[in-house]
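No lab work stands behind these numbers, since they all come straight from the coordinates. Quick caveat: nothing in here was measured; it's all calculated off a predicted structure. Glycine gets a Cβ as well: all are built from the backbone with ideal geometry, and neighbour counts include every protein chain shown.
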There are 2 protein chains.
Amino acid sequence: MQGIRHPGTARERLLSAAVELFAEHGVSGTSLQMIADRLGVTKAAVYHQFPTKDEIVLAVIGPPLSRLEPIAEAAERHRTPAARRMSVLSGVINLVVEHRRLSAVVSYDPVVARLVRQHPAVATLERIVALLTGPDPDIATRVGVAMVGGGLISVGMDPAMAGLTDDELHRQLFVTACRTLGVRAPRAA
Amino acid sequence: MQGIRHPGTARERLLSAAVELFAEHGVSGTSLQMIADRLGVTKAAVYHQFPTKDEIVLAVIGPPLSRLEPIAEAAERHRTPAARRMSVLSGVINLVVEHRRLSAVVSYDPVVARLVRQHPAVATLERIVALLTGPDPDIATRVGVAMVGGGLISVGMDPAMAGLTDDELHRQLFVTACRTLGVRAPRAA
DNA sequence: GTCTATAAGGGGATAGAC
DNA sequence: GTCTATCCCCTTATAGAC
């Protein structure tokens, strides 16, 4: 709360630059020097904000991962498996659409995958998958859910979809995911 | 053709080790030292087989990429857009199933993506997407095709699907992809 | 918050012996 | 085909001044 600065605090600008670079080069392919260069500062300034590179990655993935818990909780308040599935699907799509570029990094970067495995949110992720499959899923259902998971992220990161607004993309993903899962989509709001 | 050796020529063993490591750590996260260590040789021995690291990546992605062309050609021999779509879908699924781990590397590793962009096979890839969408696709169709593309790869790399045989996985992916695309799957053979 | 300077190590890559 | 030895650069990370 001092002078006006365009994109936020130094920490926020750093994380924003990191996300872009991670998406473009991968975490292993992004050096602290690259992050510093994009911000127009030196590496030491980066180290002033975060003690290690891993801490930067954790700070990047933490906020989106922490949003999984409320998605699962909201879904579990519904009574039928079908309603729970629709609720969690909508929540996950919201998250993916909102973090189009980051989702792919979280899902597919090997360095991030290692950090995610040690993250408390993995348990929530399993809950979410269970909510999507429903109880005692057969192979076809599990394939469908896995396909939706990867598909959402791929579409989100697709440059050809960059022109779509978040609302449009959400609608498209929702109806397509419902088809993949073999369920009738509720009529649109 | 000399003495018996278990996994093939030195070059083949190197590429096999490279694929595993690329899938596990990403290309940027895989050093030539790691490849050499896995083979029980030194870096210099690796450099004897390939002049640069990029050449290793190209040798890894070349064979699967070269299989795109016959897939597109076979599909284009069919007369109707629907038949072409089913043909290309089956061919792509074959490819993904056969290279479960490699597909994710080719599709999502930023280093590989850069090399793929300069590869002649990109044109074929566009042809394949066009065959899947059909002429003058609307947004919903393009979303469906993008979702199938990413979904196939995600399911292929999913450890939970590792227990499925190639044939089983192919069948599951085919019917699920057809649902996503909103087409009736032809009855199984 | 940012800088200069530097340490310590690993990266890709090369030369030349065996 | 494989080795030892080496080069140079970039990496993460630290220390301390401004």
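Brief remarks follow.
- Near B:ARG84, once Lys and Arg are set to +1 and Asp and Glu to -1 for all other residues with Cβ below 12 Å from its Cβ, the sum equals +2.
- 7 Å along Cα→Cβ, label-point gaps from A:THR165 to other copies, nm, shortest first: 5.1
- Label-point spacing for A:GLY8 across the identical copies (point 7 Å from Cα in the Cβ direction), in nm and ascending order: 4.6.
- Rounded Å value of the spacing that divides the Cα centres of region A:159-173 and region A:107-128: 25
- A Förster distance of 25 Å, applied to the separation of the beta-carbon atoms of B:GLU73 and B:SER16, puts the FRET efficiency at 0.30.
- Sorted from shortest to longest, the distances between the A:ARG79 label points of this copy and the other copies are 5.5 nm, with each point 7 Å from Cα along the line through the beta carbon.
- Tensor-based shape of region B:117-189 (alpha-carbon gyration tensor, a/c under 1.5 rounded, otherwise prolate or oblate): oblate
- C-alpha long axis of helix B:166-181 to longest principal axis of chain B, angle in °: 40
- Cα gyration tensor shape of the protein assembly as shown, rounded if a/c is under 1.5, else prolate or oblate by comparing a/b with b/c: oblate
- Simple label model, 7 Å out from Cα along Cβ direction - A:LEU125 to B:HIS48, nm: 4.1
- Cα centroid of region B:69-95 to Cα centroid of region A:1-79, whole Å: 42
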